[in-house]
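The values are calculated or read from the model by the stated rules, or taken from the named source; none is laboratory data. Keep in mind that what you see is a predicted model, and the values were worked out from it rather than measured. Positions of Cβ are backbone-derived with ideal geometry, glycine not excepted, and every protein chain shown enters the neighbour counts.
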Amino acid sequence: MRMRPFKLERFFAAHEFNVRHTLCSSDCEPLSQAELLEMADDDSMELWDNLKLGYTESLGAPHLREEIAGLYADVDPAEVLVCSPVEGIFVAMNAILEKGDHVICGFPDYQALDEVARAIGCEVERWTADEGQGWRFDPAWLQKHIRPDTKLIVVNFPNNPTGFLPCLEDFERIVYWRASAAPTCSPTRCTGTSSSRMARGCRPPATSTTGRSAYMGCPRRSGWQGSGSAGW
């Protein structure tokens, strides 16, 4: 597998930390470690005080996976993988896709969402947002373009970079048409709500990737993968 250069990250590498002000970040002002610990309850502080900087289980610490599963309505800890968001995208797509598969991916997007599938050798079809409708992704387009051989539908809500979040009716229509053909991959770095709703509405099978940076104020390149199947 050979992927093309990640243009956004190359831009950030050159400019993000060499300017006085930046307006391009998708995350809110991060918390300090002291601010974060002020929110901890007694049990969490005990875990923190006794934390050892060693290896944990490859899927993530069991108690952490249990807490993450609790953010969803219908996900078991066995269906959670602790990882960085881009790692979750890579793992999910390599588990689901094969060369020649048809993939529908919302656009504009975070480049990894379509680039990994393209590098695998998939036929990637862009579902382009309608700027005239506030960057809406029209479910009617999905109805027309989904195929019997569509292997995966990739959505990113709230959308990066536009911030668009579908109304509940559009969500339900996306889920309805998705159910006729393909699993759904729902990466999000902006909110736990959209990720949770998509995973709950689509499973099985579905997978949702969430990072802690944008909506938790903890940009530590960490997050998780929640799926509708422990086998993914």
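Taken over segment 56-100, residues that are in contact with a strand residue (DSSP E or B) (Cβ under 9 Å, 6 or more places away or on another chain) and among the basic types (Lys, Arg) amount to 1. Could you check segment 2-31 and list, in sequence order, the residues that are part of a loop (DSSP other than H, G, I, E, B) and either surrounded by 10 or more Cβ atoms within 10 Å (Cβ to Cβ) or touching an Asp or Glu at 6+ places or on another chain (Cβ under 8 Å) (or both)? Of everything in segment 2-31, those that are part of a loop (DSSP other than H, G, I, E, B) and either surrounded by 10 or more Cβ atoms within 10 Å (Cβ to Cβ) or touching an Asp or Glu at 6+ places or on another chain (Cβ under 8 Å) (or both) turn out to be Met3, Arg4, Phe6, Glu16, Thr22, Cys24, Ser25, Ser26, Asp27, Cys28, Pro30, Leu31.
In summary, strands (runs of 3 or more DSSP E) completely within segment 74-152 and bearing 3 or more residues that are at pLDDT 90 or above and either surrounded by 16 or more Cβ atoms within 10 Å (Cβ to Cβ) or in contact with a Ser or Thr (Cβ under 8 Å, 6 or more places away or on another chain) (or both) occur at 102-107, 123-128.
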